[in-house]
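> My questions will all concern the structure given below.
The values are calculated or read from the model by the stated rules, or taken from the named source; none is laboratory data. Remember, predicted model here, so these are calculated numbers, not experimental data. Here Cβ is always computed from backbone atoms with ideal geometry, including for glycine, and neighbour counts include all displayed protein chains. Please note that ligands, DNA and RNA were not included when accessible areas were found on the heavy atoms of the full protein model with its side chains. Shrake-Rupley method; radii C 1.70, N 1.55, O 1.52, S 1.80 Å.
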Amino acid sequence: MTAQEVRLCGLLLQEHFGEVVERIGTHLLRAGAQNLRNIANETNTPLDLVKKSLCVLVQHGACEFGSGRRGPGSPVEYRASCERVLRVLRYPRYIYTAKTLYGDTGELIVEEVLQRGHMTMSNTVKTVADRLTHNMEEGRSMEYSEVVSAFSKLVETHFLQRCPPVAEMGTAATSTTPATPGTPAAPASTDPPTAESNPDCYKLPHVTLTGTANTPITHSIISPVCIPTCKPPAICNSVNICYTLACYVCGAGRGKRRRSSDDSEEQRRGKKAKMDSESCGDEGIYWQVNFERFHQHFRDQAIISAVASKLDQTSSEIVRTMLRMSEVTTTQTAAYTQPLSANEIFRSLPPNYSISRPILDQYLSLLVDDPMEFVGKSGDSGGGMYVVNLQRALANLARATLESVVQERFGSRSARIFRLLLRKRHLEQKQVEDFAMIPAKEAKDMLYTLLSENLVQLQEIPKTPDHAPSRTFYLYTVNQLPTARLLLQHCYKTVANLIERRLFETKENKRLLEKSQRIEAILASLQASGAEPEQLTEVEEMITAPERQQLEALRHHINKLDSTENQVDETVFLLESYIFSTKTK
């Protein structure tokens, strides 16, 4: 874990959960596993606040706990997950992907689960139905069955999964007791259980919800569905979500419309007690977002886009079909997709692509012979068995990203030298000048610039043991994996700078933003009460023309910062996926 990762995690925790949670989280990231008393002492934080902060982190999966390093009986230790905290940066992309695939209902389901860390199916359905009903016209309401259907599709395509069961602390101690006095105890496993280890990870519970006219709606497992074959457009920049632990009230029957009058504290407690007393049949079964499944979808979309830009739309549709057929059966660490025969691919093509079988064979041969090697052939049965080479595809995508960064920062000639070294591996300075067709002086300056930025490495091969410069070969080379790691750290630093700049702009214009929010609330209240247009105009004029211009400029600046964060995160995802694929070889 690098300093840039810890800095970015601290900013994300501070922005979404507050300063206390940020202090506890960054301390755990730097210090490693710590027990409760040590955390409170080393951060100078009251024990009660430490407990609440750890509850927030555990609720959102950013912190794990287990038995201490001294074995059974030692205090419980807490360990923060840097990788999980960094996923908060990608929340808008997860939500927009769910909206693209499953509509507004799927978007709200994923948003609610992300906001609360994990939820039961019944609470999610009721909360989403209430929110959709609130946005509908008066007299209309959202049926629970429609929300249940969208939830089922997300589970069956593995975008949602059950939370792993939490093992009791006494279980490990009991399991390590030796069977005989002379047998040494086996060490207790400190690895937390994973969601995939649960055999019922994607099994929907039998849920009973009260429908219209007190008609019970029962739901069990339904037939599997496939993800719609559509390309998600660019991420919407207006997605802005506050990730907090919020209380919520679930309605019975259809979704309930929220009223303008707030309930008293006693009424809210009574409603909560009534809600807790109702049994829906899924108590204790919590669901969370499967980030690996979303990442697999992002990876597939990147591969499809690369094939479309390199070849044509028909080739990308063939690759899309192959990825869709093996999306649930292919694990995140797999180097290849499941082998598919040409006959299966032909039968699974979309109906609007009316290409003949010989044309399909020609496209498959073109994909196999392409230097990018996105598609490979693994056999000849069934008209030929074909796979998508995921590791090779990620390597090519990362390589294209590195070349693009060099070109944008240092120009097209430096990018030509960089591509030349990637292809030829090792070259002397004179060979670089000749192959790149660049004058010696310019080539020397460009090579030294790339070398100073650690994008190019210099390797010495001596002819004699004394390493005399006159008897030593100096070869320039590019190591793609270390260069990708270097660029990834630059991306983390860039995102952290963008977040700090956005927080600074918001803090500097805090008074103006609060004034704008107050006026918008007054206008909404007047419009709901049917006020006259003159009254509305008078309230709108409370913001002067210079303030309005300053507010528009501020919003435009913040939108640009948000858009840049999303674009940098796409680069981060590609580089992370490539680095992870090299570890699983």
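> Counting only residues that are of a type in the set (A, V, I, L, M, F, W, C) and surrounded by 14 or more Cβ atoms within 10 Å (Cβ to Cβ), how many does segment 533-551 have? If you could, list the steps in order and put the result at the bottom.
First pass over segment 533-551, keeping only residues of a type in the set (A, V, I, L, M, F, W, C): 536, 539, 542-543, 545, 551.
Restricting the remaining residues to those that are surrounded by 14 or more Cβ atoms within 10 Å (Cβ to Cβ) gives 536, 539, 543, 551.
Residues that pass the stated criteria total 4.
> Okay, next question. Here is a list of conditions, (1) assigned to a loop (DSSP other than H, G, I, E, B); (2) surrounded by 11 or more Cβ atoms within 10 Å (Cβ to Cβ), and G530 meets all of them except one; can you say which number that is?
Of everything listed in (1) assigned to a loop (DSSP other than H, G, I, E, B); (2) surrounded by 11 or more Cβ atoms within 10 Å (Cβ to Cβ), G530 misses just condition (2).
> Same structure again: Is it the case that some residue within segment 111-125 is part of a loop (DSSP other than H, G, I, E, B) and either open to solvent by 40 Å² or more (accessible area, probe 1.4 Å) or at pLDDT 85 or above (or both)? Before the answer, list the steps.
First pass over segment 111-125, keeping only residues part of a loop (DSSP other than H, G, I, E, B): 117-118.
In the following step, the residues that additionally are either open to solvent by 40 Å² or more (accessible area, probe 1.4 Å) or at pLDDT 85 or above (or both) were identified as 117-118.
Yes, segment 111-125 contains a residue that is part of a loop (DSSP other than H, G, I, E, B) and either open to solvent by 40 Å² or more (accessible area, probe 1.4 Å) or at pLDDT 85 or above (or both).
> Another question, if that's okay. Go through segment 459-478 and give me each residue that's open to solvent by 90 Å² or more (accessible area, probe 1.4 Å) and of a type in the set (S, T, N, Q).
S470
> Restricting attention to helices (runs of 4 or more DSSP H) lying wholly within segment 339-437, give those where 3 or more residues are outside the structural domain of A306 (by the TED database) and more than 30 Å from V568 (Cβ to Cβ). Working first, answer last.
Working: elements: 342-348, 357-369, 390-410, 412-424, 429-436.
In segment 339-437, the matching helices (runs of 4 or more DSSP H) lie at 429-436.
> Quick one: in segment 55-74, which of the residues that are in contact with a Leu (Cβ under 7 Å, 6 or more places away or on another chain) and closer than 15 Å to I39 by Cβ is most open to solvent (accessible area, probe 1.4 Å)? Break it down into steps so the answer makes sense when it comes.
Quick first cut of segment 55-74, residues in contact with a Leu (Cβ under 7 Å, 6 or more places away or on another chain) only: 56, 59, 63.
The next check asks that each one be closer than 15 Å to I39 by Cβ; those that pass are 56, 63.
Values: V56: 25, C63: 8 Å².
Selected residue: V56.
> Going by the structure shown, is R501 on the phi < 0 side of the Ramachandran plot, basic (K, R) and surrounded by 13 or more Cβ atoms within 10 Å (Cβ to Cβ)?
Details: on the phi < 0 side of the Ramachandran plot: yes; basic (K, R): yes; surrounded by 13 or more Cβ atoms within 10 Å (Cβ to Cβ): yes.
Yes.
> Do we have N509 as open to solvent by less than 50 Å² (accessible area, probe 1.4 Å), closer than 28 Å to L8 by Cβ and more than 30 Å from the chain's Cα centre (by Cα) here? Give the steps one after another, and end with the answer.
Working: open to solvent by less than 50 Å² (accessible area, probe 1.4 Å): yes; closer than 28 Å to L8 by Cβ: yes; more than 30 Å from the chain's Cα centre (by Cα): yes.
Spelling it out, N509 is indeed open to solvent by less than 50 Å² (accessible area, probe 1.4 Å), closer than 28 Å to L8 by Cβ and more than 30 Å from the chain's Cα centre (by Cα).
> Then there is this: Check A393, A415 and return the single one that is closer than 21 Å to V478 by Cβ, touching a residue at least 60 places away in the same chain (Cβ under 8 Å) and open to solvent by less than 70 Å² (accessible area, probe 1.4 Å). Walk me through how you get there before you give the answer.
Numbers: A415 fails: touching a residue at least 60 places away in the same chain (Cβ under 8 Å).
Of A393, A415, the one residue that is closer than 21 Å to V478 by Cβ, touching a residue at least 60 places away in the same chain (Cβ under 8 Å) and open to solvent by less than 70 Å² (accessible area, probe 1.4 Å) is A393.
> Could you grab me the full set of residues in segment 428-480 that are β-branched (V, I, T) and over 12 Å from R413 (Cβ atoms)? First the steps, then the outcome.
Looking only at segment 428-480, we keep the residues that are β-branched (V, I, T), and these are 432, 438, 449, 456, 461, 464, 472, 477-478.
Once the filter is applied, which keeps residues that are β-branched (V, I, T) and over 12 Å from R413 (Cβ atoms), segment 428-480 yields V456, I461, T464, T472, T477, V478.
> Another question about this same structure. Scan segment 281-290 and give yes if some residue there is touching a Pro at 6+ places or on another chain (Cβ under 9 Å), open to solvent by 60 Å² or more (accessible area, probe 1.4 Å), aliphatic (A, V, I, L, M) and under 30 Å from R84 (Cβ atoms), otherwise no.
Taking every residue of segment 281-290 in turn, none turns out to be touching a Pro at 6+ places or on another chain (Cβ under 9 Å), open to solvent by 60 Å² or more (accessible area, probe 1.4 Å), aliphatic (A, V, I, L, M) and under 30 Å from R84 (Cβ atoms).
> I'd like to check something: does segment 76-91 contain any residue that is open to solvent by 30 Å² or more (accessible area, probe 1.4 Å), more than 27 Å from Q567 (Cβ to Cβ), part of a loop (DSSP other than H, G, I, E, B) and without any contact (Cβ under 8 Å) to a residue 12 or more places away in the chain?
no
> Tell me which helices (runs of 4 or more DSSP H) are completely within segment 1-64 and hold 3 or more residues being of a type in the set (F, W, Y) and in contact with a Ser or Thr (Cβ under 9 Å, 6 or more places away or on another chain), or say none if there are none. Walk me through it before giving the result.
Values: elements: 3-17, 19-31, 36-43, 47-59.
Answer list for segment 1-64: none.
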